[in-house]
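First up is the structure itself, then whatever we jot down about it.
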Amino acid sequence: MSLLRLEGVSKRFGAATALDALDLEVREGEFLALLGGSGSGKSTLLRVVAGFERAEAGRVLLRGQDITRAPPQARDVAMMFQSYALFPHLSVFENIAYGLRRRGEDPRPRVAELVALLGLDGLERRRPHQLSGGQAQRVALARALARRPALVLLDEPLAALDANLRERTGFELRRIQRATGAGFVMVTHDQAEALALADRVAVLDAGRIAQLAPPRELYERPATRAVARFLGSANLLDGPGGGFALRPERIRLAAQGRPATVEEVAFRGADALLVARLADGTALRVLLPAAGALPAPGAAISLAWEAADLVPLPA
Ligand code: ADP
Ligand code: MG
């Protein structure tokens, strides 16, 4: 049985359609990334599942049970907000304990477990304003996990962290998801983050799921132009039917290839990004190893790729 099912869920705000007859399935124990641009409806989807927004049409099922009209506290679902939304006047301990106390439970054993799981030892008496960004993020996660929800919704949980911390915290999120066995739905607008962490990635486009697939499949076989464009900034080439996607890293400099002129060169440390224009006017993004000599803007080069690297796209 699936953990979560959305069937034909629609949500409008005035004239704007945030979710458009959307279908989605999350499996038991799965780490699913929900990937989409700003305003694509990611937060709205989480809020509908958590019960903070009411869908106008469609159904939300948790382990087969219809929760479409259930109030938030009656759902076996926890949400970690993008802003963390910690209670500023409560200590770390009381923030984590909040939901347990409301249920009339002695919070001490569970809070101790979560403090250990998330490495929060020694911070129990602090207030939120006395925490670093990374610590506040872990407290918010501990609070979401406290009642052992079947499903944890995380709205851009890494967005507020700096780059170094983001990578480490991402791996930690995965470890914690595995340790708890709960299903995680993590919203992100960062395609690398989604591909790196998730079992499957759902791409949200115009209020619908454009594709739901494991990271490698999504990257190598995008189902639509929107997915191809969103993942890895693929080049989109004209062709029969809907054309082709060609990944920047599949293009190489070759003695015998298609003539092109270099327009931009960006050295990025591990690699270099080139923008080159073919004779027919098509601009290509090309990813080259940075170790070799790089052509300069204005240089005439020749580019090649394998026919097998062209991914057919529907119109
Ligand atoms: P995302 O999280 O992907 O950036 P949102 O779910 O926040 O997107 O928003 C999706 C669309 O719904 C946007 O067009 C947004 O402006 C609109 N929207 C979201 N919440 C509200 C609201 N409370 N009132 C009006 N419009 C909203
Ligand atoms: Mg959002």
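What follows is calculated from the coordinates using simple rules that are stated; it is not laboratory data. On a predicted model such as this, the values are computed, not experimentally measured, just so you know. Backbone-built Cβ (ideal geometry, glycine too); neighbour counts: all protein chains shown.
Computed over Cα pairs, the Kirkwood radius of the stretch 273-315 leads via Stokes-Einstein (1.306 mPa s, 10 °C) to a diffusion coefficient of 128 µm² per second.
With all pairs of separate Cα atoms included, the stretch 1-153 yields a Kirkwood hydrodynamic radius of 16.7 Å. Ordered from longest to shortest, the equivalent ellipsoid semi-axes for the stretch 192-277 are 27, 17, 11 Å, each the square root of 5 times a Cα gyration tensor eigenvalue.
Remark on Ala299: its backbone amide H falls under 5 Å from those of Val262, a criterion applied only to residues 5 or more positions apart or on other chains, H modelled at 1.01 Å from N.
Taking amide hydrogens as placed 1.01 Å from N in the peptide plane, the amide H of Gln211 sits under 5 Å from those of Val203, each at least 5 positions away in sequence or on another chain. With viscosity set to 0.692 mPa s and temperature to 37 °C, compute the Stokes-Einstein D of the stretch 129-186, Rh being the Kirkwood radius across alpha carbon pairs; µm²/s, no decimals. Rounded to a whole number, D works out at 278 µm²/s.
Out of every Cα-Cα pair that the chain contains, those further apart than 25 angstrom amount to 57 percent. Highest mean packing first, where packing is the average number of other Cβ atoms within 10 Å per residue, the peptides 20-29, 285-294, 131-140 line up as 131-140, 20-29, 285-294. The alpha carbons of the stretch 246-307 occupy a box of 30, 25, 19 Å along the principal axes, longest dimension given first. Kirkwood analysis of the Cα pair distances in the stretch 73-189 returns a hydrodynamic radius of 14.2 Å. Based on C-alpha pairs under 8 angstrom that are at least 6 apart in sequence, the stretch 79-226 has a relative contact order of 22 percent. Distance from the Cα centroid of the stretch 184-249 to that of the stretch 48-101 is 29 Å (rounded to whole angstrom).
Most simply put, the chain has about 70% antiparallel DSSP beta bridges, counting only bridges with both residues inside it.
Here the peptides 39-52, 296-309, 97-110 are ranked by packing, the mean other Cβ count within 10 Å, and the order with the highest first is 39-52, 97-110, 296-309. Sequentially through the stretch 203-218, phi angles give Karplus couplings (6.51, -1.76, 1.60; θ = phi - 60°) of 9, 9, 9, 6, x, 9, 7, 6, 6, 10, 7, x, x, 5, 5, 4 Hz, Gly and Pro residues having no value and appearing as x.
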